[in-house]
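Right, one structure below, let's go through it.
The values are calculated or read from the model by the stated rules, or taken from the named source; none is laboratory data. Keep in mind the model is a prediction, meaning the values are calculated, not measured. Quick reminder, even Gly has a Cβ in these numbers, built from the backbone with ideal geometry, and neighbours come from all protein chains shown. Only protein heavy atoms, including side chains, enter the accessible area calculation; ligands, DNA and RNA are left aside. Shrake-Rupley method; radii C 1.70, N 1.55, O 1.52, S 1.80 Å.
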Amino acid sequence: MQPAAAEAGPVEAAAHHSTFRGICLTDLIQPIRGMNDILPDAAPRWQQLETVTRAVLAAYGYREIRTPVVESTELFARSIGEVTDIVEKEMYTFDDRNGDSLTLRPEATAGMVRAGLTHGLLYNQVQRLWCAGPMFRHERPQKGRYRQFHQIDAEAYGLPGPDIDAELIVMLARIWKRLGIIKPLELRINSLGTPEARAAYRSKLVDYLRRHEQKLDEDSKRRLGSNPLRVLDSKDPGMREVVAQAPNLLDHLDPASHAHFDALKTLLADADVAYVVNPRLVRGLDYYSRTVFEWVTTRLGAQDAVCSGGRYDGLVAQLGGKPTPAIGFAMGVERLVALMEEEGVPMPDAAPHAYLVRVGERAERAGFQLAEKLREALPQLRLVMDCSGGSFSGQLKRADKSGARIALVLGENEAQAEQVGFKPLRNNAEQVTLPWDAVIPRLAPWLE
């Protein structure tokens, strides 16, 4: 299925006969609607999220895997299902020059399982893997929902017990805590039981929904024949009464799934992770089983889920492998970044530590050498060397505007003597002149 043509973005819509710094905006190629640039002022927040998440994942034994953004369309048709909205309406699918149908990945799990099967990582092995990157769905763009969006996914294979389910959820709670966003998030959990128990429940649910079909919205009527469990997840306010009175999935679990779910709840309580049991939290695909969960917030409007996960013990076999227990989650990076902004989480300092001012031909050459000497001695140093030229005053203005803590000032006399002016920019301390070798220990405390 081919996506609809890209619609005009907000910049394009406003571009007629307008200019920006002398450039006619109608002459510029516009970004695709729902696919956003992450600008330098915003990137540190993304890096903050990624750095914290990467560290916690490593602490729990998860290893990174990087999969292609383009896969065979068949992979998603077999994993997600041909009658789902994602495959029918949302995937970016195209034929390549060989006539093969390819798709930009709409989610990461299927590609991770495919990679595990391709390279023999999943057969009789335990694996903890994670990946990060862009996903693509042709949806109507709105706040928190984009056509190119980013996720961090973690998946554990070969472990059937509730302890790995609990560990995965506790690991997420640790990530939220380190990011400073634990308070606005609520954990919701449920159990889907086994496919066999769910099939019996599905029959009872369909009977109930057909008796109330006149009250169903159009999406629910469409799902009734193909994906009735998704009716329980309807966001239509008019469906609340019908959904509230539907048969409860938890009342139809098999004994082993009941025991699994009870053990999960005990482990979460032992770890002081609060949760709400939501019997209407479902997944519409048959390969899901037992544990499902979501972390949600009320701070971001309609797009309230920032992380969703669950156990999918049937997927590996569905994609051609041996039956393999598996569980994982997907974090929405854009939504988590927005939540960090909403909660006022301090932005990491990305300004340069020092700014090197050079005036004069000799100073320019010597400054180049000095900059590399400092970077070699202080690997964590963020040092910007002025390459624009001009007077001392002009360069010092640029140094101040950069946010640097220190200006290193190098003129012809300092260059000849292998000295440099050391000028603090964020307090009233006086400028001092130092030999080059003395700059290194003088800079070090400013890097902490």
**Asked** What spacing in nm lies between the two simple spin-label points modelled at Ser393 and Lys221, each 7 Å away from Cα in the Cβ direction?
**Response** 7.6
**Asked** For the pair Ile32 and Glu448, what calculated FRET efficiency results from E = 1/(1 + (r/R0)^6), where r is the Cβ-Cβ distance and R0 = 41 Å, to the nearest 0.05?
**Response** 0.45
**Request:** Express in Å², to the nearest 10, the accessible area of His258 obtained by rolling a 1.4 Å probe over the protein heavy atoms while all chains stay in place.
**Result:** 70
**Message:** Counting heavy atoms of the protein chains only and a 1.4 Å probe, report the per residue accessible area for the chain as a whole number of Å².
**Reply:** 50
**Request:** Taking only Cα atoms and a 10 Å spring cutoff, compute GNM fluctuations for the chain and point out the largest among Glu50, Glu213, Glu412.
**Result:** Glu412
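Tell me the carbon and sulfur percent of the accessible area for region 371-441, rounded to whole percent, probe radius 1.4 Å.
48
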**Prompt:** Once phi is turned into ³J(HN,Hα) by the Karplus curve 6.51 cos²θ - 1.76 cosθ + 1.60 with θ = phi - 60°, what whole-Hz value does each residue of region 322-334 show in order, with x for glycine and proline?
**Reply:** 7, x, 9, x, 7, 8, x, 8, 10, 9, x, 5, 4
**Complete:** Listed residues Ala302, Ala417, Ala350; largest mean-square fluctuation, Gaussian network over the chain with Cα springs below 10 Å, found at Ala417
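How large is the charge dipole for region 212-362, taken about the Cα centre, if only the Cβ atoms of Lys, Arg (+1) and Asp, Glu (-1) carry charge, to the nearest 20 debye?
Numbers: 17 positive and 22 negative charges, 78 e Å.
Dipole of region 212-362, to the nearest 20 debye: 380 debye.
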**Item:** Cα→Cβ-extended label distance, 7 Å offset, between Asp437 and Lys235, nm
**Value:** 6.6
**Complete:** Given unit charges at Cβ for Lys, Arg (+) and Asp, Glu (-), the dipole magnitude of the chain about its Cα centre in debye, nearest 20, is 360
**Complete:** One point scatterer per Cα, no solvent, Debye formula: log10 I(q)/I(0) for region 269-366 at q = 0.16 Å⁻¹ comes out as -0.89
**Item:** Distance violations [Cα-Cα > 27 Å] among Lys177/Lys401; Lys143/Lys397; Lys89/Lys183; Lys204/Lys235
**Value:** Lys177/Lys401; Lys143/Lys397; Lys89/Lys183
**Request:** Rounded to the nearest Å, what's the spacing between the alpha carbon centres of region 212-281 and region 333-409? Just the number, please.
**Result:** 53
**Request:** Note the direction-averaged projected area, equal to a quarter of the hull surface, for the Cα convex hull of the chain, in nm².
**Result:** 28.5
**Item:** Inter-probe distance in nm under a simple model that places probes 7 Å from Cα toward Cβ, at Ala271 and Asn124
**Value:** 3.0
**Request:** State the dimensionless ratio Rg/Rh of region 202-319 (Rg: radius of gyration of Cα atoms; Rh: Kirkwood radius).
**Result:** 0.98
